[in-house]
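Remarks on the structure that follows.
No lab work stands behind these numbers, since they all come straight from the coordinates. Predicted, not measured: the structure shown is a model, and the values here were computed from it. With ideal geometry, Cβ positions are generated from the backbone for all residues, glycine too; neighbour counts draw on all protein chains shown.
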Amino acid sequence: MSLSFQDLTAIFALCLLGWFWLDSLRAREIALGICQAACAQRDLQLLDQTVALRRLGLRRTLAGLRFRRVYRFDYSDETLDRYSGHLVLIGLDLEEVSFGLPSAPDDL
């Protein structure tokens, strides 16, 4: 029994797809943990206990090409208002967390 080039290409593509799926699950779990910790640190409530992937791209880093994932999450303060924030991961490393709130003016 010998495998043809097409068979090997199909197996390679399935392995690559499986790796991407597992890497994406791991990145999402990391993003969720970061959002939970950031909300707890600011006394905010992470709503729905979830993050949603909004954008996926590639970024060149010193370590090579990495996936750049932008996640969106919803949170609330002590009011009934719902706010949206975002989180950016490069590979599995945090680049940015933004809560999207306007900054308070400095008291002079």
Test: residue in segment 82-101 that is over 18 Å from W21 (Cβ atoms), part of a strand (DSSP E or B), of a type in the set (F, W, Y) and free of Cβ contacts under 8 Å to residues at least 60 places away in the same chain: yes
Subset of segment 53-81 [of a type in the set (D, E, K, R) and assigned to a loop (DSSP other than H, G, I, E, B)]: D77, E78, D81
Residue among I11, I34 that is outside any loop (DSSP other than H, G, I, E, B), in contact (Cβ under 8 Å) with a residue 60 or more places away in the chain and not acidic (D, E): I34
Residues that are closer than 12 Å to S76 by Cα and among the small types (G, A, S), drawn from segment 20-55: A40
Selection count where residues are of a type in the set (G, A, S) and within 20 Å of the chain's Cα centre (by Cα), scope segment 1-56: 9
Sole residue being over 16 Å from G91 (Cβ atoms), assigned to a loop (DSSP other than H, G, I, E, B) and not charged (D, E, K, R), chosen from L3, L16: L3
Unmet requirement for C39, which otherwise passes all of (1) assigned to a helix (DSSP H, G or I); (2) more than 16 Å from G100 (Cα to Cα): (2)
L89 being in contact with a strand residue (DSSP E or B) (Cβ under 9 Å, 6 or more places away or on another chain) and either on the phi > 0 side of the Ramachandran plot or surrounded by 12 or more Cβ atoms within 10 Å (Cβ to Cβ) (or both): yes
All positions within segment 54-79 that are surrounded by 11 or more Cβ atoms within 10 Å (Cβ to Cβ) and either acidic (D, E) or in contact with a helix residue (DSSP H, G or I) (Cβ under 7 Å, 6 or more places away or on another chain) (or both): R69, Y71, F73, D74, Y75, S76, D77
